[in-house]
Each structure stands twice: as C-alpha cells, then as structure tokens.
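Shown next, in structure tokens, is the structure this report addresses.
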Amino acid sequence: MLIDRKSQELLREKFEKELEKIVDLKIFTREIIIGSENPEYAQYSKELAKEISQISDKIKVEFFSLQSEEAKKLNLNISPTILIGKDLGYSIEYWGAPLGQQFSVLVETISLTSRGESGLNNSSKEKLKNIDKDILIEIYISLDSPQCLQAVLLSNKIAIEVSEKVKSRCIDVQEVISRARQFNVSSVPTYIFNENSDFLIKGFQNEEKLIKKFTSYGSTRFEEILAKEREEEKKKEMLLDNPDYPIILNENSFDKAVDKYSFLVIDCWAEWCMPCQMVHPVIESLAKKHQGEIVFGKLNIDENREIANRFMIASIPTLLVFKNGEKVDSIVGALPEKALEKELNKYMEV
C-alpha cells in the first residue's frame, strides 16, 4: 500500500469537500523499458493511480500501453506518462512518476481540474484572457527541489485557466535525460515554451513574473497590455483616499502614507521570498473587503533598505501595522486570510 491509512482519510476528506466533476487519470506505460526509464516508476504510477481512485468515485483511472493507438495519437513515448483531466478538456501531463512531494501537486491539480478553478489571482486571470497563441509549457524538475513543486503547480494552474490554448508538461530530468540535454537544461526548475530553447527560463518564477513572461510570449497584444500595466502601477503609487488595492510605497511616500491613513497595514516583501508571494493575494483580497476601514500598502525591502533598517525587519513577510501614525504591531510570516483578518480586527475595535 503506497498511501497509508491516515493519509487516505485526509485525502477522502479533501476529495469529499472539493471534488465536483469526475476527473480522469490516464496512465501510459510500456512493458519493454528503454533509455533511462525506470520500470519501478511505471509500476508505482499505476498502483498510485489505483489507490487514489479507490478513495473517491470522482476519480476515474484508465491504463494504456505506449504502443496503443491512443498513445500514438497523443504523440506520447515516455513511460510512465500521466494525463490529468483530459476528458474535461485539460492538457496536463507528467513525464515520470509523481514521487515524494510531487504527489501533493498531483492531488491539488486533481482538485482544481474537478472544480474548473485555477486558483490564480484575479490579476493573472485578466492577463491570461489575452492569450491568443497555442502554448506548451514544459517544466524540467528534480524531485528533491521544493521550488519545483511550486513551478509545476503554477504551470498546471495556467493550463486550467486557459485550457483551450495551453498545455502543461512536467518532466523529471532524471527520467528523460536525453531531452533535458537536447535543450541544455542545466538547472531546475527550467521552463521552455513550445519546445524552443530560445524561450527558456531558468529558476523559479513567482506567479506575477511567470504570467508576465507567459503573456509576452502568448499574446499579440503584449505591448498594449504592458503599457496599461505601467499606467496602473503609477496609479497605485498615488496616496488616494480609500483605495481598494494595496498602494505601492517607497522611501519617498512611506512616511506620508503613515501620516495620512488612520489604519495602515504595510506588507514588507522581496521578489525572492516565496512566502511573500503567498501573502500578496491575501492582502489584495483584504484591501477590497475592508475598503474605507483599512488601507494596505506594499514595500519592497530590497529597494527600500533605509525603511527596512529603521523598523529592524529581519524576516519577511512582515506586516507593519500603524494606527493614527504609530506602529502598533509587526506580524511576521504568511498567515491565511482568516487568521490575518482576526489579528487586524483587534485594532479595528480600538
């Protein structure tokens, strides 16, 4: 048994709560292993899929040979290959077995496809509406890299959001060494668009960065979109009354904002900080929800070191909470929306 009983119960609860439509898993393997393929990975993938399908009747598993007509039609030739949600209209592929923590990404992808919800923030969804080219995103990963987990899930989310245009393909470099060498993949994660090494991106990209690069490649209207974004960014730097979005602060506007707004919460972050990326959509949501009560701001500490030093920010994300011009709290770490809202409610009553 690959999934222990405790994990089965947790998955059963998750699937009962989240699954809506039936999700298909199509597993392609071959009997005669070639190249760097691992026969144990093929068997593992089949057993894992069986056990998942036994946990929920909303997960349907089908097994195919790579010599089958179905495999030839889809141009598949790596064992194992897993397709997720093809019957629902999604193009999400795993080349190699979802070992270790990649299993959690597989589970989350099943959940998202069942609900037909990408989980991307609203800003990303708006940008992706402009994709008018067919795009294959390949993510080359290793199973021992935490950043690869986020990279695969983000790519899968894009394929769910723009299902008619985008295919997401996760490739384990150890399973497909020859292909990784073909595209000169030297580190993970590495993204390649449409099997073109001229469009290769090394290193983890947060949602905002990847969506921007993705749109630049996949939309004929990118320059127009970029100009609009710059205009919106300038607006966000203005200290307007009652904004329903996080304002962008710097060393010139920080003190002015503290003096202007009676209740101000400033998200101190940096581009390289993964937990910071988790906080951004929470802040955006709360800014809309509490418009007129709380003003939220964002401060990039790498670009504003003087302020980071002044408030002795040693760990990010850190939220600086100001009431009537005075700092009343520092909230360190990436809290879920309800937990953060509970912390801030204490100061709304004062």
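Bear in mind these aren't lab numbers, they're just calculated from the coordinates by the rules spelled out. What you are looking at is a predicted structure, and each value in this text was computed from that prediction instead of being measured. Backbone-built Cβ (ideal geometry, glycine too); neighbour counts: all protein chains shown.
Lone cysteines in the chain, going by a 4.7 Å Cβ-Cβ cut-off? Singleton cysteines: Cys148, Cys170, Cys268.
Helix 5-18 and the longest principal axis of the Cα set of the chain meet at an angle near 70°. Taking every C-alpha pair closer than 8 Å and separated by at least 6 residues, the mean separation divided by the residue count of the chain gives a relative contact order of 12 percent.
Counting only DSSP beta bridges with both residues in the range 5-222, the antiparallel share comes to about 45 percent. Label separation (Phe63 vs Tyr44): 1.8 nm, computed from points 7 Å beyond Cα along the C-beta direction. Among Leu319, Leu128, Leu136, the ranking by other beta carbons within 10 Å of each residue's beta carbon, starting with the fewest, stands as Leu136, Leu128, Leu319. Taking every DSSP beta bridge that has both ends in the range 237-348, the antiparallel portion is near 55%. When only the Cβ of Lys, Arg, Asp and Glu is charged (+1, +1, -1, -1), the dipole of the range 237-348 relative to its Cα centre reaches about 320 debye. Spin-label pair Asp4-Lys234: with each label point 7 Å from Cα along the Cα-Cβ axis, the two points sit 5.8 nm from one another.
Counting other Cβ atoms within 10 Å as a rough exposure proxy, the listed residues Ser315, Ser124, Ser79, Ser111 run Ser315, Ser111, Ser124, Ser79 from fewest neighbours to most. A simple packing score, the average count of other Cβ atoms within 10 Å per residue, orders the peptides 220-228, 249-257, 93-101, 48-56 as 93-101, 48-56, 249-257, 220-228, with the highest score first. Remark: the Ser315-Ala270 segment gains 15.1 nm on full extension, using 0.36 nm per residue and subtracting the alpha carbon distance. Taken as Cα centroids, the range 293-328 and the range 211-263 sit 17 Å apart, rounded to the nearest whole angstrom.
The alpha carbon centroids of the range 139-177 and the range 74-123 are separated by 9 Å. Histogrammed with a bin width of 5 Å, the alpha carbon distances of the range 237-348 distribute as 2, 13, 26, 28, 21, 9, 1 percent, first bin at zero. Globularity index of the chain is 1.11 (Cα radius of gyration / 2.2 N^0.38 Å, N = number of residues).
Relative to the longest principal axis of the Cα atoms of the chain, the long axis of helix 39-55 makes an angle of roughly 70 degrees.
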